[in-house]
1. Every residue in segment 27-53 that is exposed (fewer than 10 other Cβ atoms within 10 Å of the Cβ) and either part of a helix (DSSP H, G or I) or aliphatic (A, V, I, L, M) (or both), please.
2. Across segment 38-92, what is the total count of residues that are free of Cβ contacts under 8 Å to residues at least 12 places away in the same chain, of a type in the set (Ser, Thr, Tyr) and under 18 Å from Met15 (Cβ atoms)?
3. Residue by residue through segment 53-108, note down the ones that are at pLDDT below 80 and either closer than 30 Å to Phe30 by Cβ or acidic (Asp, Glu) (or both).
4. Could you list, in sequence order, the residues of segment 1-26 that are surrounded by 14 or more Cβ atoms within 10 Å (Cβ to Cβ) and at pLDDT 85 or above?
Amino acid sequence: MKLARRVPGAWRTKMGHTYMIICVFDFIVFPILWSAIQVYKGGVVTNAWTPITLQGGALFHISMGTIMGVSAHAKMREKIYDHDHQEVEPEPEPEPKARRYYPHAIKR
């Protein structure tokens, strides 16, 4: 049961990290490398980098946003369900304190 609940959480985290890495490479790393290669080969930057993920009407970003949004909503609902259906163990009653016997405190 615990493994079944751990897998979706790991999937969501990995999906978020993958999307972040794709965006960093497509918008930061590849444009710098593209310009550096053009300067190294010809000395002049003639073509600008066009992000691959924005081609096709940015369908990649729309679909990733949808997938991550729906999974985040499902995770929230799982947390609410788990919180509402917790099996709460009753707290054990505290043991009564032992009375101490003080023979000198007894009045005669």
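1. Tyr40, Lys41, Gly42, Val44, Ala48 - these are the residues of segment 27-53 that are exposed (fewer than 10 other Cβ atoms within 10 Å of the Cβ) and either part of a helix (DSSP H, G or I) or aliphatic (A, V, I, L, M) (or both).
2. Selection size over segment 38-92: 2.
3. Across segment 53-108, the qualifying residues are Glu87, Glu89, Glu91, Glu93, Glu95.
4. First, pick out the residues of segment 1-26 that are surrounded by 14 or more Cβ atoms within 10 Å (Cβ to Cβ): 12, 15-16, 19, 22-23, 25-26.
Hits for segment 1-26 are Met15, Gly16, Tyr19, Ile22, Cys23, Phe25, Asp26.
The values are calculated or read from the model by the stated rules, or taken from the named source; none is laboratory data. Just so it is clear, the structure is predicted and the values come from calculations on it, not from any experiment. We place every Cβ from the backbone using ideal geometry, glycine too, and count neighbours over all the protein chains shown.
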